[in-house]
1. Mind ranking 71-78, 44-51, 127-134 by how tightly packed they are, going by the mean number of other C-beta atoms within 10 angstrom, highest first?
2. Calculate the dipole size of region 152-208 relative to its Cα centre from +1 charges on Lys and Arg beta carbons and -1 charges on Asp and Glu beta carbons; express the result in debye to the nearest 20.
3. Skipping prolines and chain starts, which residues have an amide H placed within reach, meaning under 5 Å, of the one on L99, given they are 5 or more residues away or on another chain?
4. Using +1 at the C-beta of Lys and Arg and -1 at the C-beta of Asp and Glu, which of A24, S103, A89 has the Cα lying farthest in the positive direction of the dipole of region 4-117?
5. Direction-averaged shadow area of the convex hull around the Cα atoms of region 4-117, nm²?
6. Can you work out ³J(HN,Hα) from phi for every residue in region 194-205, in order, using Karplus 6.51 cos²θ - 1.76 cosθ + 1.60 and θ = phi - 60°, giving whole Hz and x for Gly and Pro?
7. Sorting H58, H101 on the 10 Å Cβ count, fewest up front, what's the list?
8. Take each of the peptides 149-156, 92-99, 24-31, 103-110, average the number of other beta-carbon atoms within 10 Å over its residues, and list them starting from the highest.
Amino acid sequence: MTNESTLSAPVLEQFLIQARLTKAVASLRLQKANSRLLGDLRVHSFRAGTTLWLSGLHARDLVPSEGTPVTLTVLLGDEVLSLESTLMAPVQDDDGHTLLHLSWPQEPAQLHRRRDMRVAGPDQSPLKVRVRLGDRQLDALLVNLTETGVGLAFEEPLLVDLHAAVEIDAELPDGAILHCPGEVRHLNFLEGQDYPTRLGIVLHPLPGTDLEPIHRFIQARRTDRSHI
């Protein structure tokens, strides 16, 4: 269970102001489209009590239909805002870019602590990943994920030294490839599990590593969990 609180109207307005000023990352989950997600969005502007606008829609993204119920998630520091809304007809900004147009939420917005929101947890579908451990290439499931580390589950028993170097390759749901080295920090065995060997890995991205794919994946999973 996550710790959460509801926001009063003035607090919600202040949160959105900060999100706009800091260009905080936002995402939109479409509730009537197989949980389709639009990510990499930003709070463009809002009119308290009436409407709000989101920028960042990619050219490849289809503009969702007017009237579609959505869940908006905004990540600001250690806090995650989620609110339920409905899409209105899109508008154009001064530069001709499409802005997503949302009605003001009728239900109170929820605020969660980011660290309390599990990602790729047991109740969510794990990802298949390829792990290089020394001279071995192993298949594993990614069963937990944060910005700094991953939890991996292996079908075969393993004896791995703590602080051993690993490399992880995974194809994320949006088709992006995650490749990142890491270091083993935890080793555990769970009897009776299909994947009994569990490794806790701290990620050590190389300079210039594109971490945007992993951020988008985490954002998507937190969106799914933000209203649980």
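1. Per-residue Cβ counts within 10 Å, averaged per peptide and sorted highest first, yield 71-78, 127-134, 44-51.
2. 260
3. Under 5 Å from the amide H of L99 lie the amide H atoms of V91, Q92, D93, each far enough along the sequence or on another chain.
4. Checking the options against the dipole of region 4-117, the answer is A24.
5. Computed as one quarter of the Cα hull surface, the answer is 7.0 nm².
6. 5, 10, x, 8, 10, 10, x, 10, 9, 7, 10, x
7. H58, H101
8. Descending packing order for the listed peptides: 24-31, 149-156, 103-110, 92-99.
Bear in mind these aren't lab numbers, they're just calculated from the coordinates by the rules spelled out. Keep in mind that what you see is a predicted model, and the values were worked out from it rather than measured. Methodologically, a virtual Cβ is constructed for each residue, glycine included, from the backbone with ideal geometry; neighbour enumeration extends over all protein chains shown.
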